[in-house]
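Undergrad: So that we are looking at the same thing, I have put the structure below in structure tokens.
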Amino acid sequence: MTTLRPITDLSADEARRIALRAQGFLGALDRRSGVRGILRHLGAVQLDTISVLARSHELIPYARLGAVGRKTVERAYWTTASAGAPPAPPHAFEYWSHAACILPVEEWPHFAFRRRAYRNRPQWNHDLPDGTYDQVIKQLRAEGPLTATELGGAKRTSEWWDWSGAKVAVERALMYGEVVCVERRGWKRVYDLAERAIPQALLHDELDDTECLRRLVRLAGQSLGVGTRADIADYHRLKGEQVDAVIGDSGLVPVTVEGWGKPAWADPAALETPPRGRHRTTLLSPFDSLIWERARTERIFGFTHRLEAYVPKQKRVYGYFAMPVLAGGRLVGRVDPAREGSTLVAKQATLDGPKAVPAVAQALVEAASWVDCTDVRVERVDAPDLREPLAKELARLVG
């Protein structure tokens, strides 16, 4: 691993504020760049099937920009065109990064290392029936863009893993880079040939692994502001040794952070000016890149974050889709939301003391307005003595 003398020492508070600014939660954002600006700024927006208030990729820009329209979010990500107009060039594509993520289309060349790795992969979980791959490519060339259903079926049975041959083939082609997803239609991936969908200037795998990794490590450092080797590796799910091989030449600079216990690297631009400005108060998707890595979240915020959607109901502590509440640059509680008609329901609210009441109420009311709910109801508060203050503050804000 590259070992260099740290250029500066950061306090834990400075590192926290640098991370918040890098993720778009502190200071003035360039709001004119909108959702696409957020995507470029973060470098990756994670997708997930769960939809409570909204899907995670909608919650990410909402958390930073406020009540941006949900249709505006979708249009910003995916290629759209007016009736009779030629297709617009894509601004994003979907690929494997931190997980399944929306990525800025200009980063297509820098995932060549991953496409090559998939092409050289010896074993797969799903068998690929003979001839199916070529047939899918032929059909996309003649009829595309198409969903998996239009290609011949996504699943053979209702089991999530029981893919049809066409689905296996098109997903393999997606991983290889011969096929690309630049749109979701009713949450279904819409597949097209990369040669048709990706701008010609970007459609190449010419960059070697080192150049790809150097770029992604630098982007991760910029998006995090400051991070350990593990933080930086996790952002685009790189291996530790891949980070080690390029970080010394990535443009990131070594620093120490109070209490972290491990070497850290920072974006030099993040060190030039102290992070100042207005903090966002908002609910966060559990898949938000500010908090998607549990160890980092605990280290920076002293907050244990765990998605309990896949935990048996009787073992859940905070709720099915507990959303952390960010306020004043701190994580001050969490809310497990649901919707009942025009009411946003906080099935469970967990607050970090009485001072968190105004922030949690504000976050709930703003989120309710965003999803066209006119009322907010709280079912359970972990600290019974905070239930009445929270209800009063909600009533005051709702009016």
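Undergrad: Working only within the range 45-62, note down all residues that are touching a strand residue (DSSP E or B) at 6+ places or on another chain (Cβ under 9 Å) and free of Cβ contacts under 8 Å to residues at least 40 places away in the same chain.
TA: First pass over the range 45-62, keeping only residues touching a strand residue (DSSP E or B) at 6+ places or on another chain (Cβ under 9 Å): 45-49, 52-53, 56-62.
Within the range 45-62, Glu58, Pro61 qualify.
Undergrad: Out of all the residues in the range 383-399, which are under 15 Å from Ala368 (Cα atoms) and in contact with a Leu (Cβ under 8 Å, 6 or more places away or on another chain)?
TA: If the condition is that a residue be under 15 Å from Ala368 (Cα atoms) and in contact with a Leu (Cβ under 8 Å, 6 or more places away or on another chain), then Leu394 is the only one that fits.
Undergrad: OK, next. What number of residues within the range 48-70 satisfy the criterion of being surrounded by fewer than 20 Cβ atoms within 10 Å (Cβ to Cβ), closer than 12 Å to Phe321 by Cβ and of a type in the set (D, E, K, R)?
TA: Count: 1.
Undergrad: Do you know which of the residues in the range 301-337 that are open to solvent by 20 Å² or more (accessible area, probe 1.4 Å) and part of a strand (DSSP E or B) is farthest from Leu390 (Cα to Cα)?
TA: Arg330
Undergrad: Helices (runs of 4 or more DSSP H) wholly in the range 224-298 with at least 1 residues that are surrounded by fewer than 21 Cβ atoms within 10 Å (Cβ to Cβ) and free of Cβ contacts under 8 Å to residues at least 12 places away in the same chain - which ones? First the steps, then the outcome.
TA: Details: elements: 229-235, 240-246, 268-272.
Of the helices (runs of 4 or more DSSP H) lying wholly inside the range 224-298, those with at least 1 residues that are surrounded by fewer than 21 Cβ atoms within 10 Å (Cβ to Cβ) and free of Cβ contacts under 8 Å to residues at least 12 places away in the same chain span 240-246, 268-272.
Undergrad: So which of Val371, Val360 ends up being surrounded by 15 or more Cβ atoms within 10 Å (Cβ to Cβ), at pLDDT 95 or above and not aromatic (Phe, Trp, Tyr)? Write out each step before concluding.
TA: Numbers: Val371 fails: at pLDDT 95 or above.
Result of the check over Val371, Val360: Val360.
The values are calculated or read from the model by the stated rules, or taken from the named source; none is laboratory data. Everything numeric here is computed off the predicted structure, so don't read it as measured data. Heads up, the Cβs are rebuilt from the backbone with ideal geometry, glycines too, and the neighbour counts pull from every protein chain shown. What goes into the accessible areas is simple: the full protein's heavy atoms, side chains included, and nothing from ligands, DNA or RNA. Shrake-Rupley method; radii C 1.70, N 1.55, O 1.52, S 1.80 Å.
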